[in-house]
Amino acid sequence: MFDKKFILNADDFGMSKDFNRAVLYGYNNGFLKSTSICANGEAFENAINEVLPECPDLGLGVHLNIIEGKSLTNCDMLTDRNGQFNNGYISLILKSNNKEFLKQTEKEFRAQIEKVLKFAKPDHIDSHVHTHAIPNLFKIAVRLAKEYEIPFIRTQHEEMYFIPDVLKHLNIKYPPNILKIFLLNYFTKLNLKTLENTGIKTNKYLLGVGYTGLMDDMTIEYGLSALPEENLISEALIHPCKYNNNRKNQHLTEFLITQNKTLEDKIHRLGFEITNYKNIK
């Protein structure tokens, strides 16, 4: 009996058919058991109609998105004149004390959740670029999770750990990621207080912040090895794509994580059950 739970979650489901294909293959030919869908994604209908029916026990979250693509509500503080989201992360933080902005954000979050609920029952909430981690936005997401009876919400506490790969640490992406860890860990301290007495549950740890854009089998193995506690839920987020051509990039690398039988065996030897939120009681 495993007392530690590990969730490998594919973010950005519904953003394109390449993301959708990765979820389908990751579920049926690998150990991917969880994903989160963008209600405003260009391939949302393909995800709902073509992929989900082929993945009966796949965990599904709502991937709230007010960063990229077209809004479902066209609220003016979130979008440009064409209805495209036009705020970066810093802009969202700066606006997050504005009452009208929060009202518009809740309207957009609600529309995205309700669109997913028309087709499936989600088991968790997360977001594109961790936007729901911004404390006042997190309060909205928790309130909606409770209203729509979505049992889990992602939080972003990541333990600092290092892998024996010098090139990753020299990569231009790595220093900003370390700053993200400190910011998101601070937000998580505030957000865990928001969760108290709500009945909404969360993961204990998250992997995928410090090595955003650099995720592979080694980052997951070493990240899980660094967690000392028993009886915990740890989640790793990836952004996998499976292409119909020979294209190679970080998205393909992250898809290959889902196919790595050696990594799957190592995760089990570390004492983790590979699961999803809907199968955690």
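What follows is calculated from the coordinates using simple rules that are stated; it is not laboratory data. As the structure is a computational prediction, the values presented were derived from the model and not from experiment. Note that we place each Cβ from the backbone using ideal geometry, even for glycine, and neighbour counts take in every protein chain shown.
Scattering from the C-alpha atoms of the chain alone, worked out with Debye: what is log10 I(q)/I(0) at q = 0.08, 0.11, 0.12 1/Å? These q points yield log10 I(q)/I(0) values of -0.30, -0.59, -0.72.
The magnitude of the dipole of the chain, with charges of +1 and -1 set on the Cβ of Lys/Arg and Asp/Glu and taken from the Cα centre, is near 500 debye. In terms of the mean number of neighbouring beta-carbon atoms within 10 Å, the peptides 215-221, 121-127 order highest first as 121-127, 215-221.
Is the C-alpha gyration tensor of segment 215-281 telling us rounded, prolate or oblate? Criteria: a/c under 1.5 is rounded; beyond that, a/b larger than b/c is prolate, otherwise oblate. Let's see the in-between values first.
Numbers: a/c = 2.42, a/b = 1.84, b/c = 1.32.
Prolate is the answer for segment 215-281, as a/c is 1.5 or above and a/b outweighs b/c.
Does segment 1-42 come out rounded, prolate or oblate, given a ≥ b ≥ c as the square roots of the eigenvalues of its C-alpha gyration tensor, rounded meaning a/c under 1.5 and, failing that, prolate meaning a/b above b/c? It is oblate, given that a/c is not under 1.5 and a/b is not larger than b/c.
Would you mind calculating the gained length between Leu270 and Glu54 on full extension (0.36 nm times residue separation, minus the Cα-Cα distance), in nm to one decimal? Mind showing how you got there, number by number?
Values: separation 216, 0.36 × 216 = 77.76 nm, distance 2.99 nm.
Between Leu270 and Glu54, full extension yields 74.8 nm more.
Kirkwood radius for segment 1-114, taken over all pairs of different Cα atoms as the inverse mean of 1/r, rounds to 15.3 Å.
So what is the relative contact order for segment 4-279, in percent, with contacts set as C-alpha pairs under 8 Å and at least six apart? If you can, show how the numbers build up before the last one.
Numbers: 512 pairs, mean separation 71.3, N = 276.
Reported relative contact order: 26 percent.
Here Lys201 is the anchor, and the lysines within straight C-alpha reach of less than 19 Å, apart from those fewer than 8 places off in the same chain, are Lys4, Lys5, Lys33, Lys121, Lys139, Lys146, Lys189, Lys193, Lys278, Lys281.
The Cα atoms of segment 105-178 define a convex hull whose projected area, averaged across directions, is 6.7 nm².
Full extension of the segment from Ala120 to Asn279, taken as 0.36 nm per residue of separation minus the current Cα-Cα distance, would add 55.7 nm.
Counting DSSP beta bridges with both partners in the chain, what percentage is antiparallel, nearest 5? Can you show the working numbers first?
Working: 2 of 28 bridges.
Antiparallel bridges: around 5 percent, rounded to the nearest 5.
Within segment 201-238, list the residues whose amide N lies under 16 Å from a label point set 7 Å along Cα→Cβ of Leu192. Only 201-207, 227-235 fall inside the zone, counting backbone N under 16 Å. Per-residue ellipticity at 222 nm computed for the chain from its helices equals -11500 deg cm²/dmol, with DSSP H segments shorter than 4 residues left out and the rest contributing -39,500 (n - 2.57).
Here the dipole of segment 127-202 is about 160 debye; that uses its Cα centre as origin and unit charges on the Cβ of Lys and Arg (positive) and Asp and Glu (negative). A viscosity of 1.002 mPa s and a temperature of 20 °C, combined with the Kirkwood radius over Cα pairs in Stokes-Einstein, give a translational diffusion coefficient for segment 38-196 of 126 µm²/s.
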